[in-house]
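The values are calculated or read from the model by the stated rules, or taken from the named source; none is laboratory data. Just so it is clear, the structure is predicted and the values come from calculations on it, not from any experiment. Here the Cβ positions follow ideal geometry from the backbone for every residue, glycine too, while neighbour counts run over all protein chains shown. Note: accessible area is taken over every heavy atom of the protein model, side chains too, but ligands, DNA and RNA are not part of it. Shrake-Rupley method; radii C 1.70, N 1.55, O 1.52, S 1.80 Å.
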Amino acid sequence: MTRSEVERAANGLRVQGHSLYLEPRGRPPLGFLAHARGARPVLPERAVATAATIRLLEAAQPRALRRTAALPAAYGQTFALASLKLTAHPAGHVLGSAQLRCEAEDLDLVYAGDLGGAGKRASRTAEPREQLRCRTLAVRALYGHPRYVFPPRDQALEKAAQFVEKTLREGKTPVLVAVALGAAQDLVEHLGGRRTLRLHPTARRACDVYAAQGIALKGYVSLEDDGEVVLVPPTARIERLRIGERRICAFSGRALDGIPGDELMAYALESGAKRVLAIDGHAEDLASALRGRGIEALAVREHHQLRLPGF
């Protein structure tokens, strides 16, 4: 089997021949946290992350963060760690999300992880995604199939605004269901100047961190306070909120947070990578499409090995 720059190990995806885990599971000695969304309750012993990601983790999972040694990484500033040189760059997914360039002798690897959209699909509240060039690119392919086509972000947000106004005219309470980190902040940024949003605690804490980092968010209060619109995560039990007559609008990650297969393809092609490692999701679809463009592309499988074409 061809030697790869990454490998599946007991604690997740690891840079081959080095101690750094790119998708840490459990408690390895050293791991990179690409963003704070969906962070696990157990973190690596030492965790590389941006300052914004660390602050979001502190707000959401303070106990987990206290049990790790956080190593802040500033965008664009290269530093040495163990046997690697590392540089974080904006990923555009949520505030503080990062791609990580890993360099060593005979290694030029970019781990893109979860990328946010660009152009009309870009987040309104995350740092703009940076296009990197590298020899090897590892990218998550959650929506890597070309059938995924998402609307421009402003279009999805404006539909939310229309839903809110129509529901209020009917004398009911509009309830927006969206993930607490990422989509919630884009909704607050878009709607907060028109209406007051009552936020579930998880979304409110994240918004407070965004505001402290200089993101202009206004028009949001705690769930218990007065306001016209309710915003909760998918895990919330809406029937317990006692808000009377209501209409519910759910926003999927695809509409507000996903990056479709065509955009992943474009990112990979523009990276100039000689090899692309597509991770999870629709990894095989993305790898196959890239091979059709003449790029060596492999799918990283869950069962701790790389699946090569024809095997």
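Axis angle, to the nearest 10 degrees, between helix 51-60 and the longest C-alpha principal axis of the chain: 50 degrees.
I need the peptides 92-105, 28-41 ranked by packing, meaning the mean over residues of other C-beta atoms within 10 angstrom, with the highest value on top.
Values: 92-105: 23.6, 28-41: 20.8.
Highest to lowest by the protection proxy: 92-105, 28-41.
The apolar share of the surface of segment 20-86, taken as the fraction of accessible area on carbon and sulfur atoms (1.4 Å probe, ligands and nucleic acids excluded), comes to 52 percent. If R₀ is 30 angstrom, what is the calculated FRET efficiency for the pair Gln162 and Arg124, using the beta carbon separation as r and rounding to 0.05? The computed FRET efficiency comes out at 0.95.
So what is the relative contact order for the chain, in percent, with contacts set as C-alpha pairs under 8 Å and at least six apart?
It rounds to 16 percent for the chain.
The fraction of accessible area contributed by carbon and sulfur in segment 103-197 is 47 percent, rounded to a whole number (1.4 Å probe; ligands and nucleic acids excluded).
What's the ranking of 109-120, 264-275, 65-76 by average number of surrounding C-beta atoms within 10 Å, highest first? Before the final figure, lay out the partial values.
Details: 109-120: 21.0, 264-275: 18.2, 65-76: 15.9.
Highest-to-lowest ranking by the protection proxy: 109-120, 264-275, 65-76.
Between Ser288 and Ile238, the C-beta separation translates, for a Förster distance of 41 Å, into a calculated FRET efficiency of about 0.50. Computed from the C-beta positions of Gln77 and Asp225 and an R0 of 41 Å, the FRET efficiency is 0.55 to the nearest 0.05. Across segment 270-284, rounded Karplus estimates of 3J(HN,Hα) from the backbone phi angles (6.51 cos²θ - 1.76 cosθ + 1.60, θ = phi - 60°) give 6, 6, x, 5, 7, 9, 10, 10, 8, 10, 6, x, 9, 4, 5 Hz, Gly and Pro being marked x. Taking amide H positions as modeled 1.01 Å from N, with prolines and chain starts lacking one, no residue 5 or more places away or on another chain lies under 5 Å from Lys172. Computed about its Cα centre, the charge dipole of the chain is approximately 500 debye, with only Lys, Arg, Asp and Glu carrying charge at their Cβ. In order along segment 86-94, the phi-based Karplus estimate (6.51 cos²θ - 1.76 cosθ + 1.60, θ = phi - 60°) of 3J(HN,Hα) comes to 10, 9, 8, 9, x, 9, x, 7, 9 Hz; Gly and Pro are listed as x. Using the 1.4 Å probe convention, the accessible area of the chain works out to 45 Å² per residue with neighbouring protein chains retained. The accessible area of Glu165, taken with all protein chains in place and a 1.4 Å probe, comes to roughly 50 Å². Note on Thr202: accessible area is roughly 50 Å² with a 1.4 Å probe, heavy atoms of protein only.
For q values of 0.08, 0.16 Å⁻¹, compute log₁₀ I(q)/I(0) with the Debye formula on a Cα-only model of the chain, without solvent. One equal scatterer on each Cα of the chain leads to -0.37, -1.28. State the Cα centre-to-centre distance between segment 19-79 and segment 107-125 in whole Å. Taking the Cα centre of segment 107-125 as reference, the centre of segment 19-79 is 18 Å away.
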